[in-house]
Every structure is written in C-alpha cells, then in structure tokens.
1. Among DSSP beta bridges whose residues both lie in the chain, state the antiparallel percentage, nearest 5.
2. What are the ³J(HN,Hα) couplings of the range 98-112, residue after residue, when phi is run through the Karplus curve with 6.51, -1.76, 1.60 and θ = phi - 60°? Round to Hz, x for glycine and proline.
3. What longest region of the chain stays clear of GluC sites (Glu not before Pro) that DSSP places outside H, G, I, E and B and that have at most 16 other Cβ atoms within 10 Å?
4. For Rg and Dmax of the Cα atoms in Å, the listed values are (i) 26.1, 89; (ii) 23.7, 75; (iii) 22.5, 71; which was obtained by calculation from the structure presented?
5. For the range 91-125, which trypsin sites (Lys or Arg not before Pro) are in a loop by DSSP, counting at most 16 other Cβ atoms within 10 Å?
6. How high is the FRET efficiency from I292 to K54, r the C-beta distance, R0 35 Å, rounded to 0.05?
7. Arranged by the count of other C-beta atoms within 10 angstrom, fewest first, what order do Y124, Y129 take?
8. Show me the ranking of peptides 237-249, 308-320, 63-75 by mean Cβ neighbours inside 10 Å, starting with the highest.
Amino acid sequence: MSLQSLIDNPKELLELINDCLKPKEVEKKENGEVFTPMIIVNEMLDKLPIEVWKNKNLKWLDPATGMGNFPIAVYLRLMEELKEEIKDIKERKKHILENMLYMCELNKKNVLVCNQIFNINNDYKLNLYEGDTLEFKPFEIFKVKQFDIILGNPPYNKGGIRSHTGKQLGEKNETIWTKFIEKAFKWLKPNGYLAYINPLSWLKKSHSLHNIMLEKHIIWMKLWDNSQSKGMINADIPISLYVLQNILNTNKNKTEITSILKRRNLTTTSNEYLNKEYSIPLAYHSIFNKLINFIETNNLKLEYNTKTVKSLGPKTKIPLKYKLEDMLAIDTYTIKEGIMIKKTTERHPDADKKKLIIANKASFNGAFIDDGKLSLTGNHKFYIIGDNLELIIKMLGYKIIDIIGHYTKYGQDFLDNEAFTYLPDIRKLGIKDINEKQLYKLIGLTQNEIKLFDKNNIINDNIN
C-alpha cells in the first residue's frame, strides 16, 4: 500500500510505523531519537480527559515529532471523536490537520516522512516546523501563542546518548530533555495538559525541575527501570511517562502511579499525593508516604554525615586488630571482600567517636559500628553518631530498609542521600528495642504491603 492512502487506512499505517519507521542507530546517537511504540502512545492518550477529544478548538503540539507517532494517534482519535461536530469527513480531516495539529522536527528525513503520511499531495497547509524546537517561536511560525495539549517523547540528549550507568555513548553529549519541559511550560495554556516521556531524575528533590513539576497536578504516571525502558523503547535509562495538568495542585489531588521494575520482576500500583517537599520513590509509593507521615508525626528525622578525608595507597582488608593511631580509613564494604581500608594522612574529625558506618555504596548491607578508631575516605560514605546505635543497626536489617535503599536511586546504582529522608530515627521514640513487626505496626503498614517486601528480588536479565 502506498503512503498516499496510509493516513486513511489506520491499520496499515500503524503496522508501517511499528515495523519500518524507526530511527536508525546514527539518528539515535546524534539526535537522541527514541522510538515510541503506538501501544505506549495510546496508553498515554487514554489518560487524557475524554472532553479533549470532543473539542474542535483545541491545539495540540508535538515538539519532537520524529516520524509522527504521537500526531498520527491524535489525528486518528480526533477523526473519530469529532464526527458529530464536523460531519463531512474531508472537512474534518482538513480542520484537524490545519487548525489542531502542530509539529516540530529537526531531522529532514523525519519531516519528509511526516509530509508523505499527512500530506503527500500537498492538499493541506500542515503546521510542520522543520528546525530546532529549542529555537522555535510558535507565534512567529504558526501565529499561536500557547497550546492546549503538548505531548511526545522529546530527545533526552543531543550529540550522543547515555546508558543507565552514566556512560557516554556519543562523542559529545548535552542533556536537553529538561529544556523541552521548560519550553512546554512556556507554551502550555493554564489548565492545559502535558503528556511526556522523560528520564525520571526529576523525581529527586535536588533536581532543578522537581518543584516545577510537582507543584502541578500529575494525573497519571508510569515509572520504568532501565531494563523495562530498554525493552520497551530501547532507552537504557530509568524512564517516567506522565500526563500532567498545568494547574497548581493546591487541593493535593492524588496521582495514579504504576511502577514496572523488570530487574526485580516487580509491578506496583497506587493512588497517592506526590509531595514536592520530598523525593518521589520509584515504587511502593503508599509505603513511602506512610514512612514520611510516621517520621513527621513523631519528629524522627535521622541526622547523618558524609564527611570523608583523603587517603593514600591501595585498599586492603581491615586487620583483626587496630587502633586510632594507625590512621586507618574505611574505603568500602563488599559482600565478597568485607571491610576494605586505606591509610590516611589526616584524621577524620569524627574518627574518635563511636559511629555507625555505611560503606557498601549500593545499599545498607554491611553497616557496622566503629568504636572510635576509623576515619572514612572516598565517596558514597555515610555515618551516624549518637547513643544506642545498636537500635539503628538492628533496624537496618529489616526488609523495609532494602526497599528504602533501592527505590530512591535515580540514576546509577549507588545508595542515594535521599534514602536517609525515609529512615526514621527510632531512638527518638524513647524505646530501647523494637522488632520488625512492631516497627511496621507503628508505621501503619497493612499485611498486603508487608507481603510486597518478599517480592523485592533482583532478576538477572543479562543486561550490560
């Protein structure tokens, strides 16, 4: 079947898109192009309010159109839903293409494909901008100041791509997905809708877009680990898909959340308020919200430290006997080798204090209490000082702690500072001891939530 008739034959068109019209490796590396299967596009469109499909006056923008996956899906729905509003099929098609759909695309080949799909005979005046969207001025180009719906899967990086480990796969690399979000908020009408696919690092409180995003009402959100995103869109980084309404969420409306973490064979669903005052975890959102409520209600914020000092020489296993004057600093802890140390030329300011040291880099595993003889060196080190450290180290062995450590990672597989936000300092409860069951009861966990902890297993999917 020719391209000329494809736009009017949805089944054949969608087969062509899914089977043939995917960005080549060079386009992925140079432009950060990521192919979005139509099943994902339609899942996101399903989350938009039904009324947007009945309104012929709305304007839709895809700022990184690619070969047209999102605009095609929108076009096909509008053709169906506007039947009563615009009865003549030719008039309806013309109205949608000339007055409702707006597209931007940098790649000349993609622009050609879009023209062939939507307008092979030049019957319509398409709103298709060829150029850099980040330089795009909608009023100058289309005489449109703002749009009602902005949607798409904009490129994550320019001049190269990165893997989930942070490894650069192109010669030059510049993160640009954040700029597409910033532009979207400038171009989006109040109460309009943003439906994007982006890396999920904005969930972390320290991210520049965290507050900007979470002060709005995110209606629906799906989170993928790098293994799931690799399988779905060939992007080897953790990903967020969401539909957001451009309105301040002053009423604390909740978000429909689904997390799919392939490496742990885990899917969680919940309906929770996303509080911009905290980093948003990658799964188990109801449990994390209960943790925050438990910590805030009982004033259980945990104080921790990350101070380290410089060291020299190779790392070696910690000796059986040592003293403060030996100037030893813990470098890391691994399950295979245990505690590894280095010599240091300067004493850590808390070396002589009793402290709970966390040095695994990836988790709370291997945490131990130092009696005031060790310094700390290198990165990703944490320690806690004070009385009754034995109570804290006991808590670190509970299943919920593994959940906290693993689902507050937003990039590489390192234990993140944000994990400590969700760790309650149970010493402040004024108790000498607490078992796992008692802790869960205090937090308010249900039996179904507790059962989820047993599903928290890493699956080896052989992804490099």
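We did not get these values from a lab; they are worked out from the coordinates using the rules stated. All figures in this text were calculated on a predicted structure; none of them were measured in a lab. No Cβ is skipped: glycine too gets one built from the backbone with ideal geometry, and neighbour counts run over all protein chains shown.
1. Counting only bridges with both partners in the chain, antiparallel ones make up about 70 percent.
2. Rounded to whole hertz, the list is 9, 10, 10, 9, 10, 9, 10, 7, 8, 6, 4, 5, 5, 4, 4.
3. 347-464
4. Only one option fits the structure, namely (i).
5. Sites meeting the loop and neighbour criteria: K125.
6. 0.35
7. Ascending Cβ contact count within 10 Å gives the list Y124, Y129.
8. Per-residue Cβ counts within 10 Å, averaged per peptide and sorted highest first, yield 63-75, 237-249, 308-320.
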